[in-house]
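The values are calculated or read from the model by the stated rules, or taken from the named source; none is laboratory data. From a predicted model like this one, the values you see are computed outputs, not experimental measurements. Counting neighbours? That spans all protein chains shown, and the Cβs are built from the backbone with ideal geometry, glycine included. These area figures cover heavy atoms from the full protein model, side chains too; ligands, DNA and RNA do not enter into them. Shrake-Rupley method; radii C 1.70, N 1.55, O 1.52, S 1.80 Å.
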2 protein chains.
Amino acid sequence: MSSALSQQEPNPQLIWDTINAYQRTSALGAAIELDLFTAIGPEDVTAEHLANKCAASTRGIRILCDYLTVLGFLRKHAAAYCLTPTSSAFLDRRSPACMGSMVQFLNSPKLLAGFANMTETIRRGGTTLSHGGVNEPELNEWVLFAQSMMPLMKPASEFLAEEATRGNQPLHRVLDIAAGHGLFGIAVAQRASGAEIVAMDWPNVLNVEEGNAKSAGIADRYHLLAGDAFAVPFGAGYDLVLLTGFLHHFDEHACVTLLKKINACLNDGGRLLTLEFIPDEDRISPPIAATFSMLMLGLTPAGDAYTMKQHERMLREAGFTKSEMKQVPQSPQQLLVSTK
Amino acid sequence: MSSALSQQEPNPQLIWDTINAYQRTSALGAAIELDLFTAIGPEDVTAEHLANKCAASTRGIRILCDYLTVLGFLRKHAAAYCLTPTSSAFLDRRSPACMGSMVQFLNSPKLLAGFANMTETIRRGGTTLSHGGVNEPELNEWVLFAQSMMPLMKPASEFLAEEATRGNQPLHRVLDIAAGHGLFGIAVAQRASGAEIVAMDWPNVLNVEEGNAKSAGIADRYHLLAGDAFAVPFGAGYDLVLLTGFLHHFDEHACVTLLKKINACLNDGGRLLTLEFIPDEDRISPPIAATFSMLMLGLTPAGDAYTMKQHERMLREAGFTKSEMKQVPQSPQQLLVSTK
């Protein structure tokens, strides 16, 4: 919608739009829950027809569809709505790339609660949620994460697995830290037939990884390690460690502590693959990586989206000799390849 | 931020951005509550300096300011932030046009609650709030509205008063329905020295109008009428009726009922000035008027943003002979001038 607003300044429309932005979240969440995008599918459909298909009121559907059209999720011709390339690819459940499920985690009551008292959060400089917010041990929301965030991670997991197996370096033992859905370690296992994967996570989440490893047919090479990444012994002799979407939950000191522990469990020449939202050094671009810090401010005591310079400093301090940054295609995340 | 997103489709960034849009609301609300924009003022200020001025943490302020920069409310040069023309004009409390106060109403717990269960709202086609949502008699939020929404209405009130007094038509009696802050009737009274204003509203709100009329020096010509617009007798002999931001709360049948009652209280040749969010007939443009229907879906049983054709039909049915639409400068609202 912002792009449709007048760009002339001063512009009170930006203020109106931002004050009411919470309605965007509510509207898209409702559309996904009503499975509106699947109900539209490849057709041009009227509000009356959609109301019938979604078991909802015509008035509600009409207002929702007009709203989603303004936002860019639908197109409208006369009184009929159709999908855009974006909603067709990512919000119609028939699409293999459908990622609608991620609202279950990203808009879960716990995450929304992290932004309910933002003034106090900014005053104190960290989450107002109890027990460290999303860093609370064995948090149920990580099960939701593991169950619902896979589609968003799919392109990144394929890119990561390709990078991990590049050049036919031997991969015998792979550690996947805070494995979540397990997608990253599983993708590596599928490409490296000799690799044993150790998937580490909170015990409540490991059921999800285990189920996904079975579905992928690599359960015999998939081993579970339950616990806290900072406390549980990793063992030794790893050729590769995967650290995906993890460092941003902690302050730099904690990150270095963990990176040292990772360095110690790697064989000489072993590699660490770190997947992260990495803003430019100006911290205001690109938009998704730059605004990821806000998510960490609301949800963690001291997490952040670190720049490349910050990552390099932390990795060097932990004993990694070189690090290279690679843009993950079709993803706002970057992959850091570091060598012991 | 949308404008900074890649415009290429398919584009999962739009989905990520919309799912997380609620954070925009939280961040701007916190910035206004911390009086961040006033603290920046005409200077280039670092996060450290601002943290000190706003009695907040440096980390919280730095992440907030980077986020507001991505959204377009600030600019960043090296490590210092400065206001944009928009935030300088409308969010710095030293500016006479400052409208930061409107978060108090627009993000009040009651309004936010109207979007907490959007799926059910769309299923039933009306608010899930009890007692008719914001149409509940003597709702406290209308006091908040009257106290906090004046700055947004200022340009519209001047335009309306100019229109009301155009051509030196005699203005003896003016009825201001659901007067709220009273700004519209007061602006007319200030330009038409012979006009007596009858300000109608819920009794709990009328204190605000009365105070503002006193401040404006027109209290001796300002009369209060407490009650429900659909039930309280208006009296008769009006030259002008003001109906600002009111029709959108009700369905078309109720609107016609009220418009007939208004028509009946007007002198022959008397005028009705209706200020409304009026979307184009396609209902998907311009963005603010088009998305206003979503606000009414969340907050009322059957309200809507009506198009010009719908307004014309309702006004004709109520006995008005002609209606003309005028775009209010610096406002997303339109003014309808109708004659009995």
**OP:** For B:Asp280, go 7 angstrom from Cα along the Cα-to-Cβ vector, then report the distances to that same point in the other copies in nm, smallest first.
**Re:** 3.3
**OP:** Taking each label point as 7 Å beyond Cα in the direction of the beta carbon, state the distances from B:Glu136 to the same residue in the other copies, shortest first, in nm.
**Re:** 2.9
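Under a point-charge model restricted to the Cβ atoms of Lys and Arg (+1) and Asp and Glu (-1), what is the dipole moment magnitude of the protein assembly as shown relative to its Cα centre, in debye to the nearest 20?
It works out to roughly 360 debye.
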**OP:** With a point put 7 Å past each Cα toward its Cβ, work out how far B:Asn117 is from B:Glu48 in nm, to one decimal.
**Re:** 5.1 nm
Original post:
So for the pair A:Glu162, B:Glu252, with labels modelled 7 Å out along Cα→Cβ, what separation do we get in nm?
Top reply: 5.5 nm
**OP:** List nothing, just return the count: lysine pairs in chain A, 8 or more apart or interchain, with Cα separation under 16 Å.
**Re:** 6
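Can you pull out the GluC sites (Glu not before Pro) in segment B:225-284 that DSSP calls coil and that have at most 11 other Cβ atoms within 10 Å?
Of the GluC sites (Glu not before Pro), the ones in loops of segment B:225-284 whose Cβ has at most 11 other Cβ atoms within 10 Å are B:Glu281.
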Original post:
Mind checking how much accessible area B and A bury in total, 1.4 Å probe, in Å² rounded to 100?
Top reply: 7700 Å²
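Determine the dipole magnitude for segment A:107-180: charges of +1 sit on the beta-carbon of Lys and Arg, -1 on that of Asp and Glu, nothing else is charged, the reference point is the Cα centre, and the result goes in debye to the nearest 20.
160 debye
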Original post:
Going from most exposed to least, what order do A:Ser130, A:Ser323 have by accessible area with a 1.4 Å probe?
Top reply: A:Ser130, A:Ser323
Subject >> 222 nm mean residue ellipticity, helices alone, for chain A (DSSP H n ≥ 4; -39,500 (n - 2.57); rounded to 500) >> reply: -12500 deg cm²/dmol
**OP:** Kindly provide the Kirkwood hydrodynamic radius of segment B:134-261 in Å, to one decimal, from all pairs of distinct alpha carbon atoms.
**Re:** 14.7 Å
Original post:
Averaged over peptide A:294-301, how many Cβ atoms belonging to another chain are found within 10 Å of each residue's Cβ?
Top reply: 4
Original post:
Counting only Cα, what are the radius of gyration and maximum Cα-Cα distance Dmax of segment A:21-135, in Å?
Top reply: 16.9, 52
Original post:
With each pseudo-label sitting 7 Å past Cα toward Cβ, what's the B:Ala226-B:Ser285 distance in nm, one decimal?
Top reply: 4.8 nm
Subject >> Highest average packing first - A:295-304, A:325-334, B:64-73, Cβ atoms within 10 Å >> reply: B:64-73, A:295-304, A:325-334
Subject >> Shielding by other protein chains, B:83-92, mean Cβ within 10 Å >> reply: 4
Subject >> Distance cut-off 36 Å, percentage of C-alpha pairs in chain B lying past it >> reply: 26 percent
Subject >> Rounded accessible area of A:Cys82 (nearest 10 Å², 1.4 Å probe) >> reply: 20 Å²
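So what is Rg over Rh here for segment B:1-78, counting just Cα atoms and using Kirkwood for Rh?
We get a ratio of 1.04 for segment B:1-78.
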Original post:
Per residue of A:278-287, what is the mean number of Cβ atoms on other protein chains within 10 angstrom of that residue's Cβ?
Top reply: 5
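Per residue, how large is the accessible surface of the protein assembly as shown? Use a 1.4 angstrom probe and give square angstrom.
With all protein chains present, the protein assembly as shown gives 37 Å² per residue.
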Original post:
Leaving out ligands, DNA and RNA, what percent of the accessible area of segment A:73-126 is carbon and sulfur, probe 1.4 Å?
Top reply: 55 percent
Subject >> Farthest positive-ward along segment B:51-191 dipole, Cα basis, beta-carbon charges - from B:Ile186, B:Met149, B:Ala164 >> reply: B:Met149
Original post:
What nm distances, shortest first, do you get from the label point of B:Ser193 to those in the other copies when the point sits 7 angstrom along Cα to Cβ?
Top reply: 9.9
**OP:** Express the relative contact order of chain A as a whole percentage, based on alpha carbon pairs under 8 Å and six or more residues apart in sequence.
**Re:** 13 percent
Subject >> Net charge of Cβ neighbours under 14 Å - reference B:Leu315; Lys, Arg +1; Asp, Glu -1 >> reply: +3
Original post:
So what is the relative contact order of segment B:1-89, in percent, for Cα pairs below 8 Å that sit 6 or more residues apart?
Top reply: 26 percent
**OP:** Quick one: work out Rg over Rh on the C-alpha atoms of the protein assembly as shown, Rh as Kirkwood radius.
**Re:** 1.04
Subject >> Relative contact order of segment A:28-154, pairs being alpha-carbon contacts under 8 Å that are 6 or more residues apart, as % >> reply: 22 percent
**OP:** Count neighbours as other Cβ atoms within 10 Å of each site's Cβ, and list the chymotrypsin sites (Phe, Trp or Tyr not before Pro) in segment A:228-328 that are DSSP loop with at most 14 such neighbours.
**Re:** A:Phe230
Original post:
In whole percent, how big is the carbon plus sulfur part of the accessible area of segment B:254-340, probe 1.4 Å, protein atoms only?
Top reply: 52 percent
**OP:** Would you mind pulling out the separation of the Cα centroids of segment B:142-159 and segment A:191-264, in Å?
**Re:** 56 Å
Subject >> GluC sites (Glu not before Pro) lying in DSSP loop within segment B:283-340, provided at most 10 other Cβ fall within 10 Å >> reply: none
Subject >> Extended-chain gain in nm, criterion 0.36 nm per residue less alpha-carbon gap, B:Ala219 and B:Arg316 >> reply: 31.4 nm
